[in-house]
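K.L.:
Handing you a structure now.
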Amino acid sequence: MAAEPDRQVVRDEMERARRTFHDLLDRATVADLGRASTGTRWTNQQLLFHMLLGYLIVRALLVLVRIFGRLPGGASRAFARILDAARRPFHVINYAGSCIGARLISPSRLPGAFDRVIAWLERRLERQSASVLQRGMHYPTSWDPFFNSYMTLYELYRYPTKHFDFHSRQLTLPGRD
């Protein structure tokens, strides 16, 4: 039998990301937020929204794991292949969505949104049994470098912070140079 997933690891990772997110926004000026990031076509503000979006996406993915985690593995494998085939439209939507989201949610509202999604994910994590956290499904690996071909629910809870850490290195904000 697999070991009990360590919820504290997830909570610690999310709390570190939350503090970092706040710190980045606290130090950023309007000019800093409008500056281009490194290695993306996004501005710092758009990239910060995209980093928040990584956590928001997990909320939707939790529903999919609930469904596909109860089905034979072939079901999520087929679903992941379909999503992989749709990677071009996904990448366009992913890019445009962060551009639009950064216009809709002002930098002053980003920290509160980040806090709310982290709190929601932590509450959900606490309610999951060990056996539920070990359920999983297949993912479209061409969508994100942090998706494995198969991930458990526990691994999914850890995904957005890996995504966050990767993108935080692309920011050109004070303290990140």
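K.L.:
Does the stretch 40-51 hold any residues that are aromatic (F, W, Y) and not in a helix (DSSP H, G or I), and which are they?
P.N.:
Across the stretch 40-51, the qualifying residue is only W42.
K.L.:
Being surrounded by fewer than 18 Cβ atoms within 10 Å (Cβ to Cβ) and over 30 Å from Q128 (Cα atoms) is the requirement here; does A86 meet it?
P.N.:
yes
K.L.:
Considering G73, G69, which residue is touching a Lys or Arg at 6+ places or on another chain (Cβ under 8 Å), at pLDDT below 90 and of a type outside the set (K, R)?
P.N.:
Criteria check complete, one pass: G69.
K.L.:
Still on this model: Which of the residues belonging to the stretch 59-76 are crowded, with 16+ Cβ neighbours inside 10 Å and either under 18 Å from the mean Cα position of the chain (by Cα) or not aromatic (F, W, Y) (or both)?
P.N.:
The answer is L61, L62, V65, G69, S76.
K.L.:
In the stretch 77-102, what residues are assigned to a helix (DSSP H, G or I), over 18 Å from the mean Cα position of the chain (by Cα), within 26 Å of R41 (Cα to Cα) and of a type in the set (A, V, I, L, M)?
P.N.:
A85
K.L.:
Of these, L64, L71, which one is in contact (Cβ under 8 Å) with a residue 40 or more places away in the chain and either over 21 Å from H163 (Cβ atoms) or among the aliphatic types (A, V, I, L, M) (or both)?
P.N.:
Answer to the check: L64.
K.L.:
On to the next question. Looking at the stretch 12-39 only, could you name the residues that are under 19 Å from K162 (Cβ atoms), part of a loop (DSSP other than H, G, I, E, B) and either of a type in the set (K, R) or in contact with a helix residue (DSSP H, G or I) (Cβ under 6 Å, 6 or more places away or on another chain) (or both)?
P.N.:
Selection gives S37 alone.
K.L.:
Name the residues in the stretch 40-61 that are touching a residue at least 60 places away in the same chain (Cβ under 8 Å) and within 28 Å of Q134 (Cβ to Cβ), would you?
P.N.:
M51, L52, G54, Y55, L56, I57, V58, R59, L61
K.L.:
Also: Which fully enclosed helices (runs of 4 or more DSSP H) of the stretch 103-171 have 2 or more residues being within 13 Å of the chain's Cα centre (by Cα) and free of Cβ contacts under 8 Å to residues at least 60 places away in the same chain?
P.N.:
153-168
K.L.:
Right, something else. Select, from L24, L52, L56, the only residue that is surrounded by 13 or more Cβ atoms within 10 Å (Cβ to Cβ), of a type outside the set (F, W, Y), touching a Ser or Thr at 6+ places or on another chain (Cβ under 8 Å) and modelled with pLDDT of 95 or more.
P.N.:
Testing whether each residue is surrounded by 13 or more Cβ atoms within 10 Å (Cβ to Cβ), of a type outside the set (F, W, Y), touching a Ser or Thr at 6+ places or on another chain (Cβ under 8 Å) and modelled with pLDDT of 95 or more leaves just L24.
The values are calculated or read from the model by the stated rules, or taken from the named source; none is laboratory data. Since this is a predicted model, take the numbers as computed values, not measurements. All Cβ positions, glycine included, derive from the backbone under ideal geometry; neighbour counts span all protein chains shown.
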